[in-house]
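Report on the structure given below.
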Amino acid sequence: MNAIWAFVHHPFADRFGWIILHSLWQGALIGAGFGLLRLALQNQSAQARYLSGCVCLVLMLGTPLLTLFMSPGPMRESNADFSAVFTTSSSLAAEPPALHPTASDENLLLWAVQSAANFFGRLAPLLTAAWLLGVTFSSCKLLRSFWWVQTIGKRDTDAVDENLLERLDHLRRRLLISRPVRLLKSALVEVPTVVGWLRPVILLPATSLAGLTPGQLDAILAHELAHVRRFDYVINILQSLIETLMFYHPVVWWISRSIREEREHCCDDLVVRVCGNRVDYARALATLEGLRDEMPQLAFAASGGSLLNRVRRLLGATRPEESMSARQFGGLALIGIGLLFIVLGVYLNLATPMYRAITRIKVDRDTSAQLGTENGKVTLTVGDPYFGQTVVEVIRSEAILSSVVNNLGLLDEWGKRYNFPASTRAARIMHLLREKLSVRSVPNSILFEISCLSEKPEEATKIANAVAEAYRNHRYEAGEEQSHRGIASLEERWKEQEAKVQAAQANVDHLRQKLGINDPLASAESPAMLMTAETLRRLEASRIELEAQFIQQETLLKTLRSMPREKIVYSLPTASPDPVLTSLLEQKTLAEQALIVRQKDFGSEHPDVVKTRSQLEDIKAKINDQVDGILLGLDSRVSALREQLKKLKYEVEMAKANDIDFAQKSRPYFDAKRQLENAERFSQVLAMKVASEKIEAALPKSTSVEIMDLADVPLRPVYPNRAQAAALILFGILLDFSGLRMIKAKPRFAPILQPA
């Protein structure tokens, strides 16, 4: 088994396989020329057609030999040279990478040529092995035929009558045959047969040929002697050798069959010239047809060839050669179509199996919003409408694929495998990787499928997963880089702001010293109000409060004075509560109640009544005095509040004047201080933003690309389709079988002659 495997991979097997491939189209051209010659020589002699067939058959063997000697040794294939693909004997010293035709590929012809070269390069060594097996089988058949010819010439033979020998010698002299020809009876043949070349022997069947007249027997013997005279045995041996060596070519069998038919026609013409009786000879052939059996390949029987054609030809009847020619061409067409289907099927079977590995990733969309106007209308676009196509193109970009090439070491591995030159290795590997990759978005989702097609399932899996990881790392690194750039920009902006803060602080200090402003909070972290402003605020608040009290008391006093005396007494406890007045009012109420009770009991003149009335009057007098005192107190309070309010208003006015003077004087300082405070606040905001961004960058966060399904090693190839290839081969075999049957089919005509 190892020896066979070593032979298949030997350079000579590759070279000889290409010779076989070349012989197919060379033989087809020779077959086309032979067909044209047959049509041109249709009305010429059988000898001319016979010679044309022999020449074409020799050319069928000569062209492969010429190709073998003229073709150079093993050469490396050039993808760009069409002739180099089909003229070198060994075209696959290093298998080139498979190209895949795409809509963007401008060199489809180059792809077709290279694909054909790859296929035939893989097929060539196998053709050599198949040719050896076929030649071995055909040689066994040829040796068996040779052994059988030798056997029937020596075994079970007997001498014939002297009369037959004399007639044979007479015919031999008429045919100008100088060599001796023996005539024997044989129990192994059923019809007259000639075997041998140096010492030819004509074998007659042991059974009597009673159905033949002497003239017919002479014609049959003359036919066998014609084979001897024409040296057909030697030509037949060479013909059998060519059939053995080129058994695979249908044109060889077609030409060889035509040669055998024309050979019989030539012998028939010679018999007619010698014997002269066409009808007797035709009747003899018809008689022998019933006795004919399958003869060895190297023997000649008088009944060989197409009997019906020979009889029609002898009798001058209309020959069915035109219909036979059309049938043969139709059969050849079927054989050609069948061979094409077989080659396509074999191509699919021998094509390198391609495995597809698929990785699924999830890519989060950007949520950026864009505002635009079109035709006077405002439109809001959320997200990128070309997001999916952008992701596909980014995955297929050099930025992603270059990292895949480096991570998997494809530069060295593929460079050695495909024998890429160092100058263009990186570019060609990148192009090959793009051809192997396919990226598509899953409809109605944010999922993407990354698939890789390769002749190695493990390689397809590694590449698909590596591309997904490379894209995920690319997005992660891009986000990290963007974050670091943002932090660096913020830090730079913060440094610039700190410089502005220091400059503002220096300006504030300079103005404070220049203007002599005593600002104890100048160095405080948070801003504070000035003392004059605080004093003014307190004074203003006190004025407002005092003014409200003054208005309240003045209004109360005016209201009480405008009321009658009796209502004032009862209004004061509510308007200006006084415990003494309240107590006196309670005593008055009790005295009035006691007076009413005693007047009912004792009368108005009773001493107790008089006494109670006197107490009541005294209480009323005290109440009037107390009311006058309260009103006087309210009046004094109003006067005091009025004076206090005037003084406070003066102080407020003075404070405002002082504050205005101070503000005019210290305005530059406080403006500078306000700018300093704003700069410090902005610097603090920047510092907090920088700290926030650093913390966010340090925290682990989810990436925008997530690998959902890693690719598994594919178990079955997606290409080629073995069932389809087997169907093509089977269909091609059926067409070839039908074509061969059409070529070998005998015309179905009614017999012209019956044996007498």
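The values are calculated or read from the model by the stated rules, or taken from the named source; none is laboratory data. In this text, all values refer to a predicted model and were calculated from it rather than measured experimentally. Quick reminder, even Gly has a Cβ in these numbers, built from the backbone with ideal geometry, and neighbours come from all protein chains shown.
Here are some notes:
- Meets criteria (at pLDDT below 80, of a type outside the set (A, V, I, L, M, F, W, C) and assigned to a helix (DSSP H, G or I)) for residue 624: no
- Taken over region 621-651, the residue count meeting the criterion of being surrounded by fewer than 17 Cβ atoms within 10 Å (Cβ to Cβ) and farther than 18 Å from residue 564 by Cα is 12.
- Of 135, 194, all but one fail to be under 30 Å from residue 23 (Cβ atoms), in contact with a helix residue (DSSP H, G or I) (Cβ under 7 Å, 6 or more places away or on another chain) and either surrounded by 18 or more Cβ atoms within 10 Å (Cβ to Cβ) or in the same structural domain as residue 285 (by TED's automatic domain parsing) (or both); the exception is 135.
- Any hit, region 529-547, residues being over 20 Å from residue 654 (Cα atoms), modelled with pLDDT under 85 and either in the same structural domain as residue 636 (by TED's automatic domain parsing) or not basic (Lys, Arg) (or both): no
Rundown of residues vs (1) in contact with a Ser or Thr (Cβ under 9 Å, 6 or more places away or on another chain); (2) surrounded by 17 or more Cβ atoms within 10 Å (Cβ to Cβ), yes/no style:
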site: 420; (1), (2): no, yes
site: 432; (1), (2): no, yes
site: 453; (1), (2): yes, yes
site: 463; (1), (2): yes, yes
site: 476; (1), (2): yes, no
site: 481; (1), (2): no, no
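- Matching entry among 731, 662 (being at pLDDT below 85 and either in contact with a Pro (Cβ under 7 Å, 6 or more places away or on another chain) or not assigned by TED's automatic domain parsing to the domain that holds residue 573 (or both)): 731
- Taken over region 483-494, the criterion of being surrounded by 13 or more Cβ atoms within 10 Å (Cβ to Cβ) and aliphatic (A, V, I, L, M) is satisfied by 487, 490.
- Picking from residues in region 465-494 that are at pLDDT below 85 and of a type in the set (S, T, N, Q), the one that is farthest from residue 392 (Cα to Cα) is 483.
- Annotation: of all residues in region 568-589 being assigned to a helix (DSSP H, G or I) and out of contact with any helix residue (DSSP H, G or I) (no Cβ under 9 Å at 6 or more places or on another chain), the one that is farthest from residue 631 (Cα to Cα) is 589.
- The residues of region 431-446 that are under 15 Å from the mean Cα position of the chain (by Cα) and not charged (D, E, K, R), listed by number, are 431, 432, 433, 437, 438, 439, 441, 442.
- Among the candidates 687, 698, 711, 663, residue that is exposed (fewer than 13 other Cβ atoms within 10 Å of the Cβ) and hydrophobic (A, V, I, L, M, F, W, C): 698
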